[in-house]
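To start, the structure under review is shown below, and the notes come after it.
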Amino acid sequence: MSATGQRLHNKTALITGAGSGIGKCSALTFALQGATVIVNDLDAGKGKETAEEIRAAGGVASFIQADVTDPASVEAMARQALERHGRIDVLFNNAGISGVGALHEVEPDVWDRVMRVNIRGVYLPSKYVLPSMMERKSGVIINMSSCVAEIGLAKRASYSATKGAVLALTKSMQVDYAPYGIRVNALLPGTILTPFVENYLKQSYEDPEAAVESIKKRQLSGELGRPEDVAQAALFLASDESKFMMGSPLYIDGGVVFGKNA
Ligand code: NAD
């Protein structure tokens, strides 16, 4: 459990895909720093569990189920969140899915699904939350990219295409919304041990243990990252402490992008 404090005092944060992994950890971290957290997930069981854990820890949270790829469902989520809380200070576009395979191995339906969740899933929540931020001339958007936006990794064709798109979109959004006092930044994690990675390892490797060892070697840290590592970076981007960061990629990757293991 993260430290408590007031770094997000008086702020309301909407986090997509907060029923698991990095989103869940960020929801708990934000709440313990004074934020009112709106937990979104497609999976109602997991999302409600996150909100309950926050409340049990003394924080303020509610759950809204929505599929980030569905315009009607996302518009309803934004409307409900604004009706409940009056404003959304921080939108963390975190929901995402993995896509495994070299390009020729990826079936068109898998390609489309990865594009829909990972890119449309950033576009739609932003589209429906931005007008309220623009009206208030204030807001923070955090988009979940990945270190694969910057480096080539084997068998990640669809996934890396989406995360590169999210990074480019972040920069473009920042230019459009800077005049409205809105900051838009991206997170670029390395490999973080979450259910997403556990499933991916099981699905893609005959020996998941050996795969973990090779991933550890790829990162200068010699270890996989933890959801807390990314949640702390998200907390920084969400808070006023990062007010001079605009359109930036923030790497939390154990050195995988800029380091080189001999
Ligand atoms: P996770 O699978 O543990 O959690 C993702 C959550 O998103 C799940 O609760 C899932 O139900 C939800 N979700 C999926 N599709 C959704 C949809 N259409 N609408 C709403 N919610 C939906 O994954 P994680 O590892 O915590 O990853 C979170 C984000 O971080 C993803 O965007 C992922 O690409 C990115 N990321 C993860 C890693 C890593 O190594 N774990 C590295 C870089 C980037």
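All of GLY19, GLY47 fail the test of being free of Cβ contacts under 8 Å to residues at least 60 places away in the same chain, near the ligand (Cβ under 8 Å from one of its atoms) and either surrounded by fewer than 24 Cβ atoms within 10 Å (Cβ to Cβ) or assigned to a helix (DSSP H, G or I) (or both), apart from GLY47.
Of SER145, SER132, SER126, SER158, all but one fail to be hydroxyl-bearing (Ser, Thr, Tyr), surrounded by fewer than 20 Cβ atoms within 10 Å (Cβ to Cβ) and either under 23 Å from ASP229 (Cβ atoms) or more than 10 Å from the ligand (Cβ to nearest atom) (or both); the exception is SER132. Pairing each residue of region 100-128 that is in contact (Cβ under 8 Å) with a residue 40 or more places away in the chain and of a type in the set (Lys, Arg) with any residue that is crowded, with 19+ Cβ neighbours inside 10 Å and in a loop (DSSP other than H, G, I, E, B), provided the two are 6+ apart or on different chains, yields C-beta distances under 8 Å for ARG116/THR69; ARG120/VAL68; ARG120/THR69.
Summed over region 1-40, the residues that are touching a Leu at 6+ places or on another chain (Cβ under 7 Å) and not hydrophobic (A, V, I, L, M, F, W, C) give a count of 7. Scan region 232-243 and tell me whether some residue there is touching a residue at least 60 places away in the same chain (Cβ under 8 Å) and in a loop (DSSP other than H, G, I, E, B). Looking through region 232-243, at least one residue is touching a residue at least 60 places away in the same chain (Cβ under 8 Å) and in a loop (DSSP other than H, G, I, E, B).
If the condition is being within 18 Å of VAL122 (Cβ to Cβ), in contact with a strand residue (DSSP E or B) (Cβ under 9 Å, 6 or more places away or on another chain) and part of a loop (DSSP other than H, G, I, E, B), then region 50-88 contributes ALA66, VAL68, ILE88. Please tell me if ILE64 is farther than 29 Å from LEU224 by Cα, among the hydrophobic types (A, V, I, L, M, F, W, C) and either within 15 Å of the ligand (Cβ to nearest atom) or in contact with a helix residue (DSSP H, G or I) (Cβ under 7 Å, 6 or more places away or on another chain) (or both). Against the criterion (farther than 29 Å from LEU224 by Cα, among the hydrophobic types (A, V, I, L, M, F, W, C) and either within 15 Å of the ligand (Cβ to nearest atom) or in contact with a helix residue (DSSP H, G or I) (Cβ under 7 Å, 6 or more places away or on another chain) (or both)), ILE64 qualifies.
Each value in this text was obtained by applying a stated rule to the coordinates, not by laboratory testing. Keep in mind that what you see is a predicted model, and the values were worked out from it rather than measured. Glycine gets a Cβ as well: all are built from the backbone with ideal geometry, and neighbour counts include every protein chain shown.
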